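Working notes, structure below.
The values are calculated or read from the model by the stated rules, or taken from the named source; none is laboratory data. This structure is a prediction, so every number in the text was calculated from the model and none was measured. Glycine also receives a Cβ, built like all others from the backbone with ideal geometry; neighbour counts cover every protein chain displayed.
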Amino acid sequence: MISSNDLRNGVTIVVDGQLWTVVEFLHVKPGKGSAFVRTRLKNVKTGATVERTFRAGEKLERATVENREMQMLYNDADGYHFMDQESFENVTLQRDLIGEPADFLKDGMVVDVQFYQGAAIGVDLPPHVELKVVETDPGFRGDTATNVTKPAKLETGTSVQVPLFVESGNVIRIDTRDRRYIGRVS
């Protein structure tokens, strides 16, 4: 059990028989009345988010989630296939279970796969990944307006907005949390 006062970002709890991860939390101490904790929770299986308020000190069931380092082998119509680095056990996850981070998964990438009661429930990508740009429009000489971006297609098939100076063949660093261009690696 965990107290609502101990809720932090990334903590997984069981509410109404379902797994929820804390995305945001705020401890509120009004001048009148008792304190409470306002949270935004994300359903681990469906990806839906809800806002929920808990009384200060309310006891909640904490879910024991195990992270295993696994290598992404490939993806096909069946889903994304991962292999445990130690036991060589294979696990297949559907795209809807992984969610948006699936756009940045490439063959051979090592990620943390989350398990709850022996079943894979999700993938935790690193905050930044380096991917190659396979297709983008050329930048024009003299076009120096600030913060001008263009779409670029990456090796995983997804598109992100990049500055005008990025060309096809460049390797760029992307923030996986908000799909934002960070910098050019080469």
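Could you check, for the stretch 155-165, whether at least one of its residues is more than 16 Å from residue 44 (Cβ to Cβ), touching a Ser or Thr at 6+ places or on another chain (Cβ under 8 Å) and among the polar types (S, T, N, Q)? Checked against the condition, which is being more than 16 Å from residue 44 (Cβ to Cβ), touching a Ser or Thr at 6+ places or on another chain (Cβ under 8 Å) and among the polar types (S, T, N, Q), the stretch 155-165 yields at least one hit.
The residue that is modelled with the lowest pLDDT, counting only those in the stretch 19-52 that are of a type in the set (D, E, K, R) and in a strand (DSSP E or B), is 42. Per this entry, residue 40 is counted among residues that are surrounded by 13 or more Cβ atoms within 10 Å (Cβ to Cβ), over 14 Å from the mean Cα position of the chain (by Cα) and not β-branched (Val, Ile, Thr).
Looking at residue 158, is it of a type in the set (S, T, N, Q), touching a residue at least 12 places away in the same chain (Cβ under 8 Å), surrounded by 14 or more Cβ atoms within 10 Å (Cβ to Cβ) and outside the structural domain of residue 14 (by TED's automatic domain parsing)? First the steps, then the outcome.
Values: of a type in the set (S, T, N, Q): yes; touching a residue at least 12 places away in the same chain (Cβ under 8 Å): yes; surrounded by 14 or more Cβ atoms within 10 Å (Cβ to Cβ): yes; outside the structural domain of residue 14 (by TED's automatic domain parsing): yes.
Criteria met by residue 158.
Residues that are outside the structural domain of residue 104 (by TED's automatic domain parsing) and under 16 Å from residue 121 (Cα atoms) are absent from the stretch 75-89.
Taken as a whole, the condition of being on the phi < 0 side of the Ramachandran plot and modelled with pLDDT of 90 or more does not apply to residue 121.
Within the stretch 16-65, the set of residues being over 21 Å from residue 123 (Cβ atoms) and polar (S, T, N, Q) comprises 34, 39, 53.
Among the numbered criteria (1) farther than 19 Å from residue 160 by Cα; (2) at pLDDT 85 or above; (3) touching a strand residue (DSSP E or B) at 6+ places or on another chain (Cβ under 7 Å), which one does residue 127 miss? Among (1) farther than 19 Å from residue 160 by Cα; (2) at pLDDT 85 or above; (3) touching a strand residue (DSSP E or B) at 6+ places or on another chain (Cβ under 7 Å), the lone unmet condition for residue 127 is (1). Can we say residue 73 is over 14 Å from the mean Cα position of the chain (by Cα), surrounded by 17 or more Cβ atoms within 10 Å (Cβ to Cβ) and in contact (Cβ under 8 Å) with a residue 24 or more places away in the chain? When the stated conditions are applied, residue 73 does not pass them. For the subset of the stretch 132-154 comprising residues that are at pLDDT 90 or above and loosely packed, with under 13 Cβ neighbours inside 10 Å, which member is farthest from residue 100 (Cα to Cα)? Checked the stretch 132-154; the qualifying residue farthest from residue 100 (Cα to Cα) is 135. Identify all residues within the stretch 4-24 that are over 18 Å from residue 66 (Cα atoms) and in contact with a Lys or Arg (Cβ under 8 Å, 6 or more places away or on another chain); write none if there are none. Within the stretch 4-24, 4, 15, 23, 24 qualify.
Taken over the stretch 1-15, the residue count meeting the criterion of being farther than 24 Å from residue 124 by Cβ and either charged (D, E, K, R) or in a strand (DSSP E or B) (or both) is 1.
For the stretch 162-186, the candidate set comprises residues that are of a type in the set (A, V, I, L, M, F, W, C) and outside any strand (DSSP E or B); within that set, the residue that is nearest to residue 124 (Cα to Cα) is 185.
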